[in-house]
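To start, the structure itself, in structure tokens.
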Amino acid sequence: MVCAAYAAQGVGYAAVVTALPAAKDRMDFSDTVLSVILLGVCVAAVFGSVLADAVAVRRGSRSALCLGFLLQSAALAGMSLAPDRVVYLGAVAVYGLGLGTVDAGNNMQGVALQNRTGVPMMGRLYSAFTVGGIIGALLSSALATRGVSALTLVGGVALLQLAVALTGRFRLVPQPPPRPADTTSPGRRRIPLPRAAIWAVGSLVLVAYVLDAAVSTWSTVYLSDGLRTSAAVAPVGYAAYLAMVLLARLVTDPATLRWGRRRVGVGALVVGTIGCALVVAGPGVAATVAGFAVAGIATGVLVPIAFEAAGLLLPARSDEVIARVNIFNYAGAVAGAVVPGLLGTGAGLRLGFVAPALALLLVLSLARRLPTHTSASLKPLPEGEPA
């Protein structure tokens, strides 16, 4: 069921993103307004992650995840049926709140499932998310060929999200909150959250999403405007990237078992940097597409092992730690979508991929602190005040 939750989130996000052009036409939004809407979704998602934290502490991560899917279901229905801008924008705000709640809840449940099975699981769970995204994009494309608005798919996905919320209440990993007597125990209140370690692991999530947002936002634009490829070739860079993200996530769990998180994490950062370097210095379209594909390995590996490590920082308060680490996701998404466009346009857009390359290199020392083996915890980091 946890795998189904990840897949449903992927389908939902793809449906919303691919429906943006249809929403833009229906609501008569400008490109600037659309950019502000996307930023607003990220901001609302931060509050959603905080909401997931609050619910999980009191009622368990299963309740947090189900609440997130209920919010998304209502929001998607509203976006699909909105008669005017006010209703649509309200639905988008609720969707952002649900997005953050589900992202955090999924990772809480993934760590709980992993702890129950005793083997790495996050790679395959994120693979389900990626497959869900691909399915959502293909469904949107299929509907478009038949002249059906992508907003119709958004409405259909609302029913899927509702089904997951109702089913998950009984099928997700049970993780009851602490009893009232536990709230004053050293394990819950007197031991502070590991603030420095949260920032360290969160930084890995941040750079992964800087890279992901940079490629998803600018790869097609660069191939089209910078390298003057045809409309048929321009999306190939992003397709190659997604293919490698999926492949990397499928092999992350066995690779972690064989070589340990530290080596896998360091290797992913190095490979991602090489991929960005190919995009920046590549002599032509083939090299650029290859660069995007190689960069996908970094995103595919870093996100699951970072959240896996987050669950080990303070097991007694893992939900709270994961909710805080999840916030770095949205900071990275905003930076990755904005910074490359500020560094260059047209052919000069290749310089925009210097930013994610530098970000990957800057956190290399943090990846070396990841646990070597699956059952190990992170190396101690200097502690600050409670997060």
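Overview of results
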read-out	value
Residue list for segment 199-244, filter: over 14 Å from G291 (Cβ atoms), in contact (Cβ under 8 Å) with a residue 60 or more places away in the chain and hydrophobic (A, V, I, L, M, F, W, C)	A200, V201, L204, V205, L206, V207, A208, V210, A213, V221, L242
Single match in L39, L34 (criterion: surrounded by fewer than 20 Cβ atoms within 10 Å (Cβ to Cβ), within 16 Å of the chain's Cα centre (by Cα) and in the same structural domain as V111 (by TED's automatic domain parsing))	L39
Contacts under 8 angstrom Cβ, first residue in segment 44-60 being over 20 Å from P174 (Cα atoms), partner among the acidic types (D, E), 6 or more apart	A45/D103; G48/D103
Meets criteria (surrounded by 19 or more Cβ atoms within 10 Å (Cβ to Cβ) and over 21 Å from R116 (Cβ atoms)) for G105	no
Enumeration of residues in segment 175-204 that are in a helix (DSSP H, G or I), hydroxyl-bearing (S, T, Y) and either at pLDDT below 90 or under 17 Å from S318 (Cβ atoms) (or both)	T183, T184
Residues of segment 47-68 classified as in a helix (DSSP H, G or I) and buried (at least 19 other Cβ atoms within 10 Å of the Cβ), total	15
The lone exception for L71 - which of (1) buried (at least 22 other Cβ atoms within 10 Å of the Cβ); (2) touching a residue at least 60 places away in the same chain (Cβ under 8 Å) it fails	(2)
Residue match in segment 47-56 (condition: outside the structural domain of V325 (by TED's automatic domain parsing) and closer than 19 Å to S140 by Cβ)	no
Members of segment 205-240 found to be at pLDDT 80 or above and of a type in the set (D, E), listed by number	D212
Some residue of segment 303-321 being touching a Cys at 6+ places or on another chain (Cβ under 8 Å) and in contact (Cβ under 8 Å) with a residue 40 or more places away in the chain	no
Answer residue from segment 269-290, given it is under 23 Å from the mean Cα position of the chain (by Cα) and free of Cβ contacts under 8 Å to residues at least 60 places away in the same chain and is surrounded by the most Cβ atoms within 10 Å (Cβ to Cβ) among those	G275
Those residues of segment 358-380 which are over 19 Å from the mean Cα position of the chain (by Cα), modelled with pLDDT of 75 or more and surrounded by 20 or more Cβ atoms within 10 Å (Cβ to Cβ), in sequence order	L366
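Every residue, every condition in (1) farther than 25 Å from P283 by Cα; (2) surrounded by 24 or more Cβ atoms within 10 Å (Cβ to Cβ), yes or no:
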residue	(1), (2)
S219	no, yes
P235	no, no
Y238	no, no
L247	yes, no
L250	yes, no
L257	yes, no
R261	yes, yes
V266	yes, no
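The values are calculated or read from the model by the stated rules, or taken from the named source; none is laboratory data. Since the model is a prediction, treat every value here as computed from it, not as a measurement. Cβ atoms come from the backbone with ideal geometry, glycine included; neighbour counts cover every protein chain shown.
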